[in-house]
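The values are calculated or read from the model by the stated rules, or taken from the named source; none is laboratory data. Nothing here was measured: the structure is a model prediction, and the numbers come from that model. Here the Cβ is made from the backbone with ideal geometry for all residues, glycine too, and neighbour counts use every protein chain on show. Quick note on the areas: whole protein, heavy atoms, side chains included, nothing else; ligands and nucleic acids left out. Shrake-Rupley method; radii C 1.70, N 1.55, O 1.52, S 1.80 Å.
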Amino acid sequence: VLPGWFSEISPLWPGEAHSLKVEKILFQGKSDYQNVMVFQSSTYGKVLVLDGVIQLTERDECAYQEMITHLPLCSIPNPKKVLVIGGGDGGVLREVSRHSSVEQIDICEIDKMVVEVAKQFFPDVAVGYEDPRVNLHIGDGVAFLKNVPAGTYDAVIVDSSDPIGPAQELFEKPFFETIARALRPGGVVSTQAESIWLHMHIIEEIVANCRQIFKGSVNYAWTTVPTYPSGMIGFMLCSTEGPAVDFKNPINPIDDESGPKTLAPLKFYNSEVESLSSRS
Ligand code: AAT
């Protein structure tokens, strides 16, 4: 490990580690769930790290947060109730809030330190919390979903960390079953689904589980994020039985006129990107 550099080392990507030059460490803390760190990098702005794994950088967070949100929400007409699991930084909330049809945005993040740190160091991400439609619950997403009445949500977005530590159960079959139950017929889910270069075994298992659970469509999409391991990350995009959902042809377009006027425009997503990235 080079002095003055951060290297992302994990058993989930053995034998390789992406590194960023550190200008200054801005925060280090230990929550009930994980180690939390923020540093100023030389070339990617501020970086949020949980248990040694990069969660976001100011420079490339757009490519992840916009895609995990708009791929599902642009594929159904008039989404009204949306649930976010994880995503305590607020970036997915910011993206959901661009959809004017949405009336209610619930979020269940396990770690309140992530929320506090995002508000202090990442104002352009945590801006998502300023939307009055947002209801924040601090708790385990697995437990939260068990208590959701059947058919509540139009869309569920699982912005989860990797399957080591508090997010492990968010990759398991029972969790996907509770998501399907929480969705209305023809509702959609998008989940953080790791990299085809590193995690084919994890992805194959998730796809097999989703094919059993989601009777609408089951797809894997991806985006490019230079500071995530292998430079890309995927999403599972599934729908429940009911009105058919075609994730490759968005029917609910979003443009820069959508959403609160205080938000900066979209940086990455557009409907051509959606058609490209989504494959069944
Ligand atoms: N939007 C930035 C990207 C993330 S954040 C993942 C969030 O999931 C973290 O804030 C973490 O605290 C939260 N989380 C983990 N487990 C749970 C749980 N059981 N219930 C609710 N929230 C949880 C994802 C980064 C992907 C990294 C890829 N290498």
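Here are the numbers for the structure shown:
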quantity: Simple Cβ-charge dipole of the range 135-280, Lys/Arg +1 and Asp/Glu -1, about Cα centre, in debye nearest 20; calculated: 240
quantity: Listed residues ASP32, ASP246, ASP131, most fluctuating in the chain (Gaussian network, C-alpha, under 10 Å); calculated: ASP32
quantity: The range 105-228: C-alpha gyration tensor shape, a/c 1.5 cut-off, then a/b vs b/c; calculated: oblate
quantity: Ellipticity estimate at 222 nm from DSSP helix runs (n ≥ 4, -39,500 (n - 2.57)) divided over the chain, nearest 500; calculated: -7000 deg cm²/dmol
quantity: Other-chain or far-sequence residues with amide H under 5 Å of ALA155's (modelled H); calculated: LYS81, LEU83, VAL188
quantity: Net charge dipole size for the range 131-189 [Lys, Arg +1 and Asp, Glu -1 on Cβ; Debye, nearest 20]; calculated: 280
quantity: Gyration tensor over alpha-carbon atoms, the range 1-104, equivalent ellipsoid semi-axes in Å; calculated: 31, 14, 13
quantity: Residues with amide H under 5 Å from that of LEU56, placed H, sequence gap 5 or more; calculated: LEU48
quantity: Positive-end extreme of charge dipole, the chain - chosen from LEU50, THR227, SER101 (charges on Cβ); calculated: SER101
quantity: Radius, Kirkwood style, for the range 1-40 when every pair of distinct Cα atoms is counted (Å); calculated: 11.5
quantity: Accessible area of the range 43-150 divided out per residue, in Å², using a probe of 1.4 angstrom; calculated: 33
quantity: Separation of the GLU130 and ALA150 label points, Cα + 7 Å toward Cβ, nm; calculated: 4.2
quantity: Carbon + sulfur, % of accessible area of the chain - ligands and nucleic acids excluded, 1.4 Å; calculated: 53
quantity: Convex hull projection area averaged over all views, the chain, Cα basis, nm²; calculated: 13.1
quantity: Relative contact order (%) - criterion: Cα under 8 Å, at least six apart; region: the chain; calculated: 18
quantity: Cross-link reach list, lysines versus LYS173, counting only Cα pairs under 30 Å and skipping chain neighbours closer than eight places; calculated: LYS30, LYS80, LYS81, LYS112, LYS146, LYS215, LYS248
